[in-house]
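For reference, the structure is listed below as C-alpha cells.
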Amino acid sequence: MSVEPQASHYLADPAILAVQDWLSDEVEPARFPQHEIRFRNQRWAQAVGLGDLSDEEWRAHFGRFRPLDGNLPYPLALRYHGHQFRTYNPEIGDGRGFLFAQLRDSGGRLLDLGTKGSGLTPYSRTADGRLTLKGAVREVLATEMLEALGVNTSKTFSVIETGEELWRNDEPSPTRSAVMTRLSHGHIRIGTFQRLLAIEERNHMKALVDYCLKQFPGSMPPASAPGRDEPAVILMHQVVERLADLAASWMVAGFVHGVLNTDNMNISGESFDYGPWRWLPAWDPGFTAAYFDQTGLYAFGRQPEALHWNCGQMAVALRLLVEAEPLLAAMGRFGELYMVAVARRWCWRLGLQARGGDEDAQLVAACEKQMRESGRQPDEFFFTHRGGKNAEGELAEAAKEYQPIHDTHEYWQDQIPQSMLIEEVEEIWSHIDERDDWGPFESKIAAIRRMGEAHGPSPAPAGLI
C-alpha cells in the first residue's frame with residue numbers, strides 16, 4: 001500500500017448483509033453527552049469519499065453513528081470465539097465495538113468502518129463498552145507509526161471525545177472517554193471460523209470462505225500444492241501468506257503487538273486492535289508489551305511463532321470442510337515465506353536493494369548481531385546505517401555488495417530519527433491529560449507522516465491485500 005492513499009468517490013457496499021444473519025447481531029450505539037472531534041484522518045477520509053464531510057456531519061456519523069447513505073442501516077456486533085493466551089474462550093465477540101459501514105476505495109477494495117468504545121453489545125459481559133481517551137490516542141500513534149514503516153495496518157479514522165468519566169484498573173481514574181472509528185480491510189477473524197467449527201455450522205463455514213475469497217482476493221496456491229482448487233485450501237494459503245508477511249513486518253519495525261490471540265487475527269493479514277503495544281528500546285527477543293504476559297508468550301521474538309500457531313487454529317477450523325493434508329501443506333509454507341518477507345522488508349528499511357537468498361539472510365543476521373552487542377535502539381540503527389552507511393566489521397562485509405537506494409527526502413538529513421518509545425507516548429499524553437494541549441500529539445503525527453513519505457511505498461508483496 002502506498003504511503004499516500006488516492007482520493008476516491010464515496011461508494012457504499014454493505015456486502016456483509018449477505019451473511020450477517022448468522023455472523024452478527026444488530027446493536028444500538030451508545031448516546032454520549034459530548035462529541036468533540038480530537039482526530040480526523042483527512043487523507044483516508046478522502047480515500048473513501050468522505051473527506052468533504054463538515055465537522056457536524058462527522059460528529060453525526062462517527063459520534064452518534066447516524067448511518068451513511070446507502071450503507072448498513074444498523075450497526076452489527078460480530079460474533080466470534082478465540083484462543084486467548086492459548087486458552088479457548090467461546091464467550092467473546094464484539095464487546096465494545098461494531099461494524100458501522102462498508103465501502104470501496106479507489107482501488108476497488110472493500111473496507112470496513114468499525115468502532116471501539118461505542119457502547120454495550122450482547123458480548124460486553126461485565127465491561128462498560130467504553131474506551132478511554134488515552135487508549136484512543138495510543139491507537140492513533142500506533143497505527144500512524146506502523147503505516148509509515150510499511151506495515152499492513154488498520155487506520156485510525158476518527159477519535160471523538162465523549163465527555164464521560166471512566167474507571168480503569170490500569171489508568172489513573174476517573175479518566176476521559178472517547179469513541180474511535182477505524183478503517184480496515186474487513187473484521188473477519190480466525191476466531192470467526194473457530195466459532196463456526198465449535199457450533200458445527202458447515203454450511204455457514206463454506207459461505208464464510210466464499211465471502212472472504214470474493215471480498216479479500218489474493219493469490220492462488222503454488223501449482224504443486226495439494227487440493228489447490230478447493231476454496232478452503234485457497235483461503236488457507238492466503239492467510240498463511242498474509243500472516244507470515246505481517247509477522248515479518250512487525251519484526252522489522254521493532255514492534256510488539258502484545259496480545260496475539262486468535263480473535264485479534266484478521267484473515268486479511270492486517271494488524272489491528274492495539275492495546276498494550278510497545279516499540280523496542282533495544283533489540284531484545286524477550287521484550288514483552290503486556291504486563292499480564294507473565295510467561296512471555298507474545299514476546300517480541302516469539303511473534304512469528306504466535307502467528308504460525310494461530311494459522312494452525314485456522315487449519316483446525318477449516319477441517320470442517322476439507323481433509324488435513326492440504327491444510328498442513330499450506331502451514332508448511334509459513335517459515336520460508338516469513339524469512340523471505342523479513343529479508344525484503346529489512347532491505348527496504350535499510351535503504352538497500354534486496355539481492356535475494358543467502359546474502360540477504362547474512363545481512364539481517366549481521367544487523368541483529370550488531371544491535372544486540374551495541375544495545376542501539378532499532379529506529380536509530382536503521383537510520384544511522386541507511387544505505388549501508390557507517391557499517392563496520394561483519395556488517396560492513398555483509399553490506400558491501402548491496403546497491404543503496406537513492407534517498408532524496410530531507411528526512412534523511414535529520415539529526416535523529418522518528419521513534420515511538422513509551423516515554424514519548426506518555427509525554428504526549430501528559431500534555432493532553434494535564435493541559436488539554438494537543439500540540440505535541442499533532443506535531444508527532446505530522447513528523448511520522450513525513451518519515452513515511454521518506455520511506456516510500458510499503459514493501460508488501462503483490463497478491464497481498
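A convex hull fitted around the alpha carbon atoms of the range 176-290 yields 157 Å³ per residue. Let me know the charge dipole size of the chain about its Cα centre in debye, to the nearest 20, where only the beta-carbon of Lys, Arg (+1) and Asp, Glu (-1) is charged. With Lys and Arg at +1 and Asp and Glu at -1, about 640 debye.
Taking a ≥ b ≥ c as the square roots of the eigenvalues of the Cα gyration tensor, an a/c ratio of 1.5 or more together with a/b no larger than b/c marks the range 140-208 as oblate. Charged neighbours of A343, selected by a Cβ distance under 14 Å, balance to -2 (K, R count +1; D, E count -1).
Footprinting exposure proxy ranking of W438, W250, fewest other C-beta atoms within 10 angstrom first, gives W438, W250.
Cross-link pairs exceeding 25 Å between alpha carbons, from the set K369/K389; K134/K369; K134/K214; K369/K400: K134/K369; K134/K214.
Entry note, the range 72-123: relative contact order of 34 percent, from Cα contacts under 8 Å with a spacing of 6+ residues. Every helix of 4 or more DSSP H residues in the chain counts as -39500 (n - 2.57), and over all residues that averages to -12500 deg cm²/dmol at 222 nm.
Exposed loop positions in the chain were taken to be trypsin sites (Lys or Arg not before Pro) whose DSSP state is not H, G, I, E or B and which have at most 15 other beta-carbon atoms within 10 angstrom. Between these positions, the longest stretch is 169-318. Taking other C-beta atoms within 10 angstrom as a stand-in for reagent exposure, S118, S154, S430 fall in the order S430, S154, S118, fewest first. Along the chain, the exposed loop sites are GluC sites (Glu not before Pro) outside DSSP states H, G, I, E and B with at most 16 other Cβ atoms within 10 Å, and the longest stretch free of them is 202-322. Remark: relative contact order (the chain) = 16 percent; criterion is Cα-Cα distance under 8 angstrom and separation of 6 or more residues. Electrostatic bookkeeping for L146 treats Lys and Arg as +1 and Asp and Glu as -1; over the other residues with beta carbon under 12 Å from its beta carbon, the sum is -3.
When W277, W412 are sorted by how many other C-beta atoms sit within 10 angstrom of their C-beta, beginning with the fewest, the order is W412, W277. Summing Lys and Arg as +1 and Asp and Glu as -1 over all other residues whose Cβ lies under 10 Å from the Cβ of S24 gives a net charge of -3.
Toward the positive end of the charge dipole of the range 41-148, with +1 on the Cβ of Lys and Arg and -1 on the Cβ of Asp and Glu, the farthest Cα among V140, L113, I92 is that of I92.
Placing +1 on the Cβ of every Lys and Arg and -1 on the Cβ of every Asp and Glu, with no other charges, gives the range 3-93 a dipole of roughly 320 debye about its Cα centre. Oblate is the label for the range 278-401, because a/c, from the alpha-carbon gyration tensor with a ≥ b ≥ c as root eigenvalues, is 1.5 or above and a/b does not exceed b/c.
Laboratory data are not the source of any read-out in this text; all were calculated from the coordinates shown. As the structure is a prediction and not an experimental result, all values here were calculated from the model. Heads up, the Cβs are rebuilt from the backbone with ideal geometry, glycines too, and the neighbour counts pull from every protein chain shown.
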